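Novice: I have a structure I would like to understand better, so I am pasting it below and will then ask my questions one at a time.
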Amino acid sequence: MTQWRLDWPTSGGGRIAAGRLKTTPGDFIVDELLEFPESGSDVEPDATPGSGEHLCLKLEKVGDNTEYVARELARMAGCRNFDVGFCGLKDRHAVTRQWFSLYRPGCEAQDASLIEDIAARWPVLAASRQARKLRRGEHRGNGFVVTLRAVTGEREVIDRALARLADIGAPNYFGPQRFGNGGANLDRAVHLDPATLNRRSRSGGKGRGGKKRAGSDGSKNVLYFSAARSWLFNEVLAARVEDGSWAEAGATGPLWGDGGTTASGSLESLERDIVAQTPGLASLFSVTRMKPERRPLAVKPERLSWQWLAEDSLELTFLLSPGQYATTILSDIFELEDMSLSRHNEQQG
C-alpha cells in the first residue's frame, strides 16, 4: 500500500494553535443559503408560497446525514428516492439547516399535513413550492458558526492569523476525509479500470433493458476517481504554497482530466511534472472522458468575525461558497482535534 500524503503545507509555514472541533453538535452550525426566484430569499414555513411541482423544505437536523434524511423524506412523501433533491451533503455531527425538494405534482392540498408530519422529526424552518428539483451546488453558499474548545496558543498570535485569513484567505485544499482512512480511497483508485467509468457514463448506470445495475460499485468508483483528482490538485497546490505563488490574484490549479491540464507554458510544465510523480493516479485520466477543469488555489471566507468566549474558547462566524470547506480554512491556523470522530468510534465499539 502507498503511503499517501494527507497533510499539506500551510500558508504560514506551520500551525500556530490547536483546538477541539465539534465537542458538541452545537459547536458546528451550518446554515445553507438558497434564494428562490420568486422570493429572492428564504421563505417562512407558515405558508407555502411559490408554485410548481416540487415542495421545498428547509429542515434543521442533528445527528442525521443528508442522504439518510433524503431517503426518509421520500418514504414519508410517498415518492422515489430520486425525486428528493438537495444542494449538498452536510455533516452529521453538527447542527445543519438545509433545503430539500420533494417531487409532489398536484398535491398542494396535502402540503400542510405532510409538513406537520415532517416537523415531528425535524424542525421545518421554511417552505416553498418551486418548478425545479434542487440540484448539487445550486445554493449561494453556507453560513458557519464554529466554536473551538480547549484552544491552545497565544491569543494575540491567533488574532493576527485570523486577520490574515480574512485578508488573503487560505490554501483551498480538499479535506483529508475525501481520501478515506489512511488514503484508502486512493489505494482503490489506483486499481480502478477507467473504462468502467466510461461505460457507466454512456449507459447512465443502467444495464440491459434500461434497468439499474444492482449494488453501488458504480458510485463507489466515481468516489475513488474523484479522490484521485482531488489529491492531485492538493499536490499541485502544495507546491504553489511552498513557492509562495498560491495567493496570486486569480491563481488556479488543475482538476485533472482527459489531456491533463488546460494550463500552458511554465505552469503547465509544473503541473505535469507533479502529476507524473504519481503514475498510478495519472494513468486513470489517459482514457477517461473527463474534461480538465480549474479550481481556485485560495479560499477566502466572507464576513469573517470572531470572539473569545473564554480563555480557551473561540467562536468564528463566516460564509463560504459551495465546494469550500470550513475545516480546510481553519486547519491553516489550527491543529484540529475532531471530537465527533472519537464519539463515532465509541458508538461503533
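The values are calculated or read from the model by the stated rules, or taken from the named source; none is laboratory data. The shown structure was predicted, so the numbers you read here are calculated from the model rather than taken from an experiment. For neighbour counting, all protein chains shown are included, and Cβ atoms are generated from backbone atoms with ideal geometry for every residue, glycine included. We work out accessible area using only protein heavy atoms, side chains counted, and drop any ligands, DNA or RNA first. Shrake-Rupley method; radii C 1.70, N 1.55, O 1.52, S 1.80 Å.
Novice: Over the Cα atoms of the stretch 249-349, each weighted equally, I'd like the Debye log10 I(q)/I(0) at q = 0.10, 0.13, 0.19, 0.21 Å⁻¹, rounded to two decimals.
Specialist: -0.50, -0.75, -1.01, -1.09
Novice: If you take the charge dipole of the chain about its Cα centre, with +1 on Lys and Arg Cβ and -1 on Asp and Glu Cβ, which of A120, T24, L284 is farthest toward its positive end?
Specialist: Result: L284, furthest along the dipole toward the positive end.
Novice: What fraction, in whole percent, of alpha-carbon pairs in the stretch 48-185 exceed 26 Å separation?
Specialist: I get 39 percent for the Cα pairs in the stretch 48-185 exceeding 26 Å.
Novice: Could you estimate the translational diffusion coefficient of the chain from the Stokes-Einstein equation, with Rh from the Kirkwood formula over C-alpha pairs, at 20 °C and 1.002 mPa s, in whole µm²/s?
Specialist: D, rounded to a whole number, is 96 µm²/s.
Novice: Return the long-range amide H neighbours of C56 (sequence gap of 5 or more, or a different chain), with a cut-off of under 5 Å between placed amide H atoms.
Specialist: Residues meeting the amide H criterion: L102, S128, R129, Q130.
Novice: Oh, and also: How much of the accessible area of the stretch 74-188, probe 1.4 Å, is carbon plus sulfur, in whole percent?
Specialist: Taking all protein chains in place, the stretch 74-188 shows 49 percent carbon and sulfur surface.
Novice: Scan around G141 for amide H atoms under 5 Å from its own, H built in the peptide plane at 1.01 Å from N, and keep only partners 5 or more places away or cross-chain.
Specialist: Residues meeting the criterion, in which the H sits 1.01 Å from N, are L33.
Novice: Measure off, as a whole percent, the carbon and sulfur share of the 1.4 Å-probe accessible area of the stretch 210-309, all protein chains present.
Specialist: Numbers: 2590 of 5160 Å².
Summing carbon and sulfur atoms, their accessible area is 50 percent of the total for the stretch 210-309.
Novice: I've got another one for you. Can you list the HN-Hα couplings for the stretch 138-152, worked out from phi with the Karplus curve (6.51, -1.76, 1.60; θ = phi - 60°), rounded to whole Hz and with x for Gly and Pro?
Specialist: 7, 6, 6, x, 9, x, 10, 10, 10, 10, 9, 10, 6, 6, 10
Novice: Using a probe radius of 1.4 Å on heavy atoms only, what accessible surface per residue do you get for the chain? Whole Å² is fine.
Specialist: 50
Novice: Let me ask something else about it. Using the charge dipole of the chain (Lys, Arg: +1 at Cβ; Asp, Glu: -1 at Cβ; taken about the Cα centre), state which of G52, L314, W246 has its Cα farthest towards the positive end.
Specialist: Of the candidates, G52 comes out farthest on the positive side.
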